[in-house]
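The values are calculated or read from the model by the stated rules, or taken from the named source; none is laboratory data. All of these numbers come straight from a predicted model, not from anything done at the bench. Cβ: placed from backbone, ideal geometry, glycine included. Neighbour counts: every protein chain shown. Protein only, heavy atoms only, side chains kept; ligands, DNA and RNA dropped before computing areas. Shrake-Rupley method; radii C 1.70, N 1.55, O 1.52, S 1.80 Å.
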Amino acid sequence: MCARNSIYTNPKPCKHLADYKLRHGFNTYDSIRNCLKTTPNGRTRVAKHTTKIPRCSFCDRYQGRLYFCLMCSSLWCPSHILLHAQSEKGHEVAIDMDRSELYCCLCCDQVYDPDFDKVVVCNQVKDLPGGSKSKTNSFEASGERSSKRKRLDSGIGLDLKKSELLVSMRDRRAKSCYPLGLRGLNNLGSTCFMNSVLQALLHAPPLRNYFLNDRHNSVQCRKRSGEKLCLLCDIDAISSAMFCGDRTPYTPAHFLYSWWQHSSNLASYEEQDAHEFFISVLDGIHEKESKIRNSGKDDGDCQCIAHRAFSGLLRSDVTCISCGFSSTTYDPCVDISLNMDTSNLSSSNANKPIKPDEKTSVSTLSGCLNLFTRAERLGSDQKLHCQNCQELRDSSKQLSIRRLPLVLCLHIKRVEHSLVRKISRKINQYMQFPFSLDMTPYLSSSIVRSKFGNRIFTFEYDNSNSSAAYEIFAVIAHSGMLESGHYVTYLRLKNQWYKCDDAWISEVDEGIVRASQCYMLFYVQKLLYNKANEDSSFVRISPRRDPFESTAGCS
C-alpha cells in the first residue's frame with residue numbers, strides 16, 4: 001500500500017496567481033471548460049480554435065509550446081509571453097495549451113492551483129461512460145465525482161459492465177496492460193531535472209532490486225543523521241510508491257527537501273543540471289551507507305549500492321614522447337563524460353539540430369568513445385616529469401576502461417565554452433547511439449593489446465565479452481536553451497519505449513528516442529537486462545480505482 005503523507009499539503013500559489021484569483025475569482029476557470037479537450041491517451045489540452053492553427057500573437061509562430069492568456073485569450077510563444085505580461089498589467093497568468101497547466105509569466109514557471117485542477121479533472125470525467133455532460137458548475141461536478149469515487153472504492157453497486165467500461169477508458173491512457181513501476185512524478189517547480197534522473201535510477205535493475213527487496217529498511221534505519229534527513233529512506237519510499245501499482249502521479253516533496261539538506265549549495269527552485277543532480281544523489285547514498293557500515297574504504301572497493309551498481313575503473317597512461325616511458329594510474333568513476341564528436345561538422349551546424357534522416361555527417365556514440373580513448377598530446381604548458389629522463393618532457397595521455405560497471409552511465413557534454421567570447425552555448429547536434437552496445441574496443445585490455453601489436457597481456461580486471469555487452473534502458477534528453485530547458489526520460493521496458501515527462505507517461509516509438517537530444521545514456525549489462533525483463537511483471541488496472549484521480553495532488 002502507498003500511504004499518503006499527511007504533513008504535506010498542496011503548494012501555495014505564487015503571488016501573481018493569488019492576486020489574479022482575488023480579482024477575478026473562478027469565473028475564468030469555468031469559462032474555459034469548453035476549450036479543454038481530452039486526447040485519446042488521456043492528456044487534456046486547450047483547443048481554442050477548431051479550424052485555425054494556433055499561432056503566437058507577436059511572431060506568428062505555430063510550432064512548439066504556446067501559452068493562452070487568461071485575461072485576453074491571446075496566444076504567445078515562450079519567447080514573447082514575458083513581454084506580453086510586462087506590457088499588459090494583470091496579464092501575468094496563462095495556460096500551457098499542450099499540458100493544461102497554469103503558468104506564471106513573471107515567475108517563468110508552472111504554478112499549481114487545486115481549483116484549476118478540479119476544472120481539468122472534471123473535463124476528463126465528463127467523457128467517461130455515464131459521465132455528466134450537463135453540469136454547469138465545475139466544482140459541483142467535482143464534488144459529485146468525489147462521492148462517486150468513494151462509492152466505487154467501497155465496491156457497493158459496482159457491476160461487471162461498469163467495471164469493464166472504466167477499465168476500457170483507462171486503457172486509452174495506458175492500454176489494458178502496463179509495466180509495473182511506470183508512474184509519473186509531479187513537477188514541484190523547475191524540478192524536471194530531478195524527476196528525469198529519479199525515473200532512470202529507480203528503473204536501473206540493481207537499484208530497483210535493492211529497494212524492492214527491502215535491503216534498506218526505512219523502519220529500522222535512523223531517520224536523521226545529525227540535522228540531515230535520510231536520503232536512502234526517501235528513495236526507498238519513492239521506490240515503493242512507484243512499484244505499488246498506483247498510476248496517479250507521485251509528488252516527491254519529502255525527497256526534494258531531504259536532498260536540499262544534503263546538497264545545500266544546490267537548494268533552490270531554479271533549474272539544476274541533471275548530471276550534477278545524479279552525482280549528488282549517488283554521493284548521498286554513498287555517504288549514508290558508509291556511516292551505516294562504518295566503512296572507510298575507497299570508492300573503488302565500496303560496497304554501497306551506488307558504487308556496486310555504477311562504479312567502474314578508468315586507466316590513465318601518460319607516455320613520455322622522448323623516451324617512451326609510461327606511467328599508469330587508476331581512478332574510480334561512476335559515469336563517463338564524453339565530448340561530442342564535432343570534427344565532421346562546421347561551427348554553424350554544430351549548434352543546429354539535425355534530424356536522423358538528413359544526409360549529413362553526425363556525431364555517433366562510437367565516435368565519442370573513440371575520442372575519449374584516443375591518445376592525446378598534452379600541451380607545452382602541461383609538461384610532466386619523466387621518471388626515466390629525470391626532467392620535464394612533452395607527453396601524451398590515453399584513457400581506457402579497466403573495469404566496467406554493472407550500470408554504465410554515459411554523460412554527453414552539450415555545453416561548449418568560448419574562452420575568447422567568454423560565453424557558453426548548448427550544442428543541439430543530433431547524436432546516433434545504439435540500443436545494444438559492445439564496450440570491448442574501449443577496455444584497457446583491448447587498447448593496450450592494440451598498442452603493442454595485439455600481443456597477449458594478462459589483466460586483473462579483464463572483462464569477458466559477455467560482461468562487455470550492454471543494453472540501453474534509459475535516456476535522459478534535454479530540449480530548449482541552455483538557460484531554460486526541459487528534461488524528459490525515455491524508459492525501455494520489455495523492448496517498448498515510454499516517455500516520462502514529469503507527471504505524464506506515454507508510449508513512444510523508438511524513432512522518437514533516437515531523434516532526441518540525448519544528455520545521459522544508461523546502459524546495463526545484457527545479462528542483467530534480460531533477467532530484469534524476465535522478472536518484470538505487469539499490473540492490471542484495478543476497476544475499483546478512479547480512472548481520473550487528481551494528478552497534481554501530493555502523494
Out of all the residues in the range 300-316, which are modelled with pLDDT of 90 or more and either open to solvent by 30 Å² or more (accessible area, probe 1.4 Å) or not in a loop (DSSP other than H, G, I, E, B) (or both)? 305, 306, 307, 308, 309, 310, 312, 313, 314, 315, 316
Considering only the range 243-261, how many residues are small (Gly, Ala, Ser) and open to solvent by 10 Å² or more (accessible area, probe 1.4 Å)? 2
Residues located in the range 202-242, provided they are part of a loop (DSSP other than H, G, I, E, B), buried (at least 20 other Cβ atoms within 10 Å of the Cβ) and at pLDDT below 90: 216, 230
Residues that are open to solvent by 100 Å² or more (accessible area, probe 1.4 Å) and more than 22 Å from residue 314 (Cβ to Cβ), drawn from the range 358-384: 359, 381
Which pairs turn up if I take residues in the range 184-198 that are closer than 18 Å to residue 498 by Cα and among the hydroxyl-bearing types (Ser, Thr, Tyr) and look for partners that are at pLDDT 95 or above and part of a strand (DSSP E or B) with beta carbon separation below 6 Å, at least 6 apart in sequence or on another chain? 196/476; 196/489
What do you reckon, is residue 264 small (Gly, Ala, Ser), surrounded by fewer than 19 Cβ atoms within 10 Å (Cβ to Cβ) and modelled with pLDDT under 80? yes
For the range 269-286, enumerate the residues that are open to solvent by 60 Å² or more (accessible area, probe 1.4 Å) and modelled with pLDDT of 80 or more. 276, 283
Where the second residue is in a helix (DSSP H, G or I) and the first is without any contact (Cβ under 8 Å) to a residue 12 or more places away in the chain and lies in the range 19-30, which pairs have Cβ atoms under 8 Å and are six or more apart or on separate chains? none
